[in-house]
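Q: What follows is a structure written as structure tokens; I'll ask about it next.
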Amino acid sequence: MNFLDGSLFPENQEKLVITCAPYGPEWMPADFPEDIPLTMEEQIQKAVDCYNAGATVLHLHVREMDGHGSKRLSKFNELIAGVRARVPDMIIQVGGSISFAPESEGEAAKWLSDDTRHMLAELTPAPDQVTVAVNSNQMNIVEQMCDADLRGTSIADPALYQAYREMTIPAGPGWLEEHIRRLSAKGIQAHFQLANITQLETVERMMRRGAANVPLILTWVAIGGGFDAPNIYNLANFVRACPDGSVLTLESSMLNVLPINMMAIAMGLHVRCGIEDNIWTQDRKEKMSSVRQIEQLVRISREFGREIADGNEARRIYRIGEFYRNADEALARNGFAPNRRKVA
């Protein structure tokens, strides 16, 4: 991330890649019935609508007919196949948390077992990416949310709120290396979802050991609660640590989403939006659909003079299908300094 003179000029930046997260597994359908798809056809159509609005990466979760997030890999297969048939150029990014939402009031919100998460490498058809958490970590998604964010939603229920408040991510070293190995063997890109610099450093060390011979395609997830808080100091610190060959998307929560995305657009980084991240307009007078959020970012980016990547351009920018032979190649392609050579 070398910000040379002219780095803020749109002609010196890649076109903008927009990731949409339109399935919102933390919400129940009654929280936003106009925009939470329920049937399989509705879930497929939601991806089509987001693509037509300008999003080229789909962050994918699946919902059962009872409204809860699905844990059945067969449902993931069905949705991936449906999206692939309707919008073949869209990058399909399966949320590696599968369905972290609790199934009943007061139940813990948690990931599935390590073995089940490894099965994401066996999805058919294969997605382009699976998001990968690094280092076991607290993920209190409600810490940065205020009463106005949650008013009238299911998460305002004290038991459900507490379940999300106590959520943690299991992502220890053994699981992480095996997960990347399995994904890579199937031609699926690991998209790193990182909470802070310490997790970025872990990815770098894995690459130096030859345990992650993959492009450094990553998202800075600034949601607080064990992750960085969304402020300019944390952002600048994280961006400075990213090597120049990495591809960085910014993600935040609720009313932080839009200003963080505006920073990303101006800086030549990439953006994520959708009801998984935020359901409100900036004045909280109404809820805002995923498609409206995408359309807003398209308009703002074009005001900056930065055009929107189409599906093929997004695949090139994200280096989909690219893997490396060894640590030396991975370090070079991602812009890291080479490994230290042993002195004779």
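Q: Out of all the residues in the range 228-257, which are hydrophobic (A, V, I, L, M, F, W, C) and under 29 Å from P338 (Cα atoms)? Show your work before the answer.
A: Our first condition is that a residue be hydrophobic (A, V, I, L, M, F, W, C); within the range 228-257, this holds for 229, 232, 235-236, 238-239, 241-242, 247-248, 250, 254-255, 257.
Residues satisfying the conditions are L235, A236, F238, V239, A241, C242, V247, L248, L250.
Q: Which one is least open to solvent (accessible area, probe 1.4 Å), of the residues in the range 239-250 that are of a type in the set (A, V, I, L, M) and not in a strand (DSSP E or B)?
A: The selected residue is V239.
Q: Which residues, taken from the range 21-71, are open to solvent by 40 Å² or more (accessible area, probe 1.4 Å) and either under 21 Å from M254 (Cβ atoms) or in a loop (DSSP other than H, G, I, E, B) (or both)? Reasoning before the result, please.
A: Of all residues in the range 21-71, those open to solvent by 40 Å² or more (accessible area, probe 1.4 Å) come to 28, 30, 33-34, 38-39, 41-42, 45, 49, 51-52, 65-66, 68, 71.
Those that are open to solvent by 40 Å² or more (accessible area, probe 1.4 Å) and either under 21 Å from M254 (Cβ atoms) or in a loop (DSSP other than H, G, I, E, B) (or both): M28, A30, P33, E34, L38, T39, M65, D66, H68, K71.
Q: Would you check if D128 is in contact with a helix residue (DSSP H, G or I) (Cβ under 7 Å, 6 or more places away or on another chain), at pLDDT 95 or above, acidic (D, E) and open to solvent by less than 40 Å² (accessible area, probe 1.4 Å)? Step through it out loud before you land on a result.
A: Values: in contact with a helix residue (DSSP H, G or I) (Cβ under 7 Å, 6 or more places away or on another chain): no; at pLDDT 95 or above: yes; acidic (D, E): yes; open to solvent by less than 40 Å² (accessible area, probe 1.4 Å): yes.
No.
Rundown of residues vs (1) modelled with pLDDT of 90 or more; (2) open to solvent by 10 Å² or more (accessible area, probe 1.4 Å); (3) among the hydrophobic types (A, V, I, L, M, F, W, C), yes/no style:
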position: L73; (1), (2), (3): no, yes, yes
position: I80; (1), (2), (3): yes, no, yes
position: L112; (1), (2), (3): no, yes, yes
position: D115; (1), (2), (3): no, yes, no
position: E122; (1), (2), (3): yes, yes, no
position: V134; (1), (2), (3): yes, no, yes
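Q: Filtering the range 72-102 down to residues that are among the aliphatic types (A, V, I, L, M) and in a loop (DSSP other than H, G, I, E, B), which residue is nearest to P170 (Cα to Cα)?
A: Narrowing the range 72-102 to residues among the aliphatic types (A, V, I, L, M): 73, 79-81, 83, 85, 87, 90-92, 94, 98, 101.
Next, from what is left, pick out any that are in a loop (DSSP other than H, G, I, E, B): 87, 90, 98, 101.
On the way: V87: 33, M90: 29, I98: 13, A101: 15 Å.
The selected residue is I98.
Q: Right, another one. Select from the range 198-222 the residues that are under 19 Å from G187 (Cα atoms) and hydroxyl-bearing (S, T, Y) and list them in ascending order.
A: Listed by number, the list is empty, since nothing qualifies.
Q: Which residues, counting only those in the range 306-331, are touching a residue at least 40 places away in the same chain (Cβ under 8 Å) and more than 24 Å from I91 (Cα to Cα)? Let's see the steps before the verdict.
A: Residues of the range 306-331 touching a residue at least 40 places away in the same chain (Cβ under 8 Å): 306-315, 317-327, 329-331.
Selection gives N326, A327, E329, L331.
Q: Among the helices (runs of 4 or more DSSP H) confined wholly to the range 251-344, which include 3 or more residues that are among the charged types (D, E, K, R), in contact with a Ser or Thr (Cβ under 7 Å, 6 or more places away or on another chain) and open to solvent by 30 Å² or more (accessible area, probe 1.4 Å)? First the steps, then the outcome.
A: Working: elements: 257-267, 290-304, 311-317, 327-334.
Hits in the range 251-344: none.
Q: Next question. I'm told V142 meets every condition in (1) open to solvent by less than 10 Å² (accessible area, probe 1.4 Å); (2) under 18 Å from D277 (Cβ atoms); (3) outside any loop (DSSP other than H, G, I, E, B) except one. Can you identify the failing condition by its number?
A: (3)
Q: Of all residues in the range 180-221, which are over 16 Å from E251 (Cβ atoms) and among the hydroxyl-bearing types (S, T, Y)?
A: S184, T198, T202
Q: Any idea how many residues of the range 58-76 are under 14 Å from R117 (Cα atoms) and not basic (K, R)?
A: Filtering the range 58-76 for residues under 14 Å from R117 (Cα atoms) gives 61, 70-74, 76.
Then drop every residue that is not not basic (K, R), which leaves 61, 70, 73-74, 76.
Of the residues in that region, 5 qualify.
Q: Follow-up. Could you look through the range 194-238, keep only residues that are assigned to a helix (DSSP H, G or I) and more than 25 Å from E177 (Cα to Cα), and pick out the one that is most open to solvent (accessible area, probe 1.4 Å)?
A: Y233
The values are calculated or read from the model by the stated rules, or taken from the named source; none is laboratory data. Everything quoted here is computed from the prediction, not taken from an experiment. Methodologically, a virtual Cβ is constructed for each residue, glycine included, from the backbone with ideal geometry; neighbour enumeration extends over all protein chains shown. Surface areas here come from the heavy atoms of the whole protein model, side chains and all, with no ligands, DNA or RNA. Shrake-Rupley method; radii C 1.70, N 1.55, O 1.52, S 1.80 Å.
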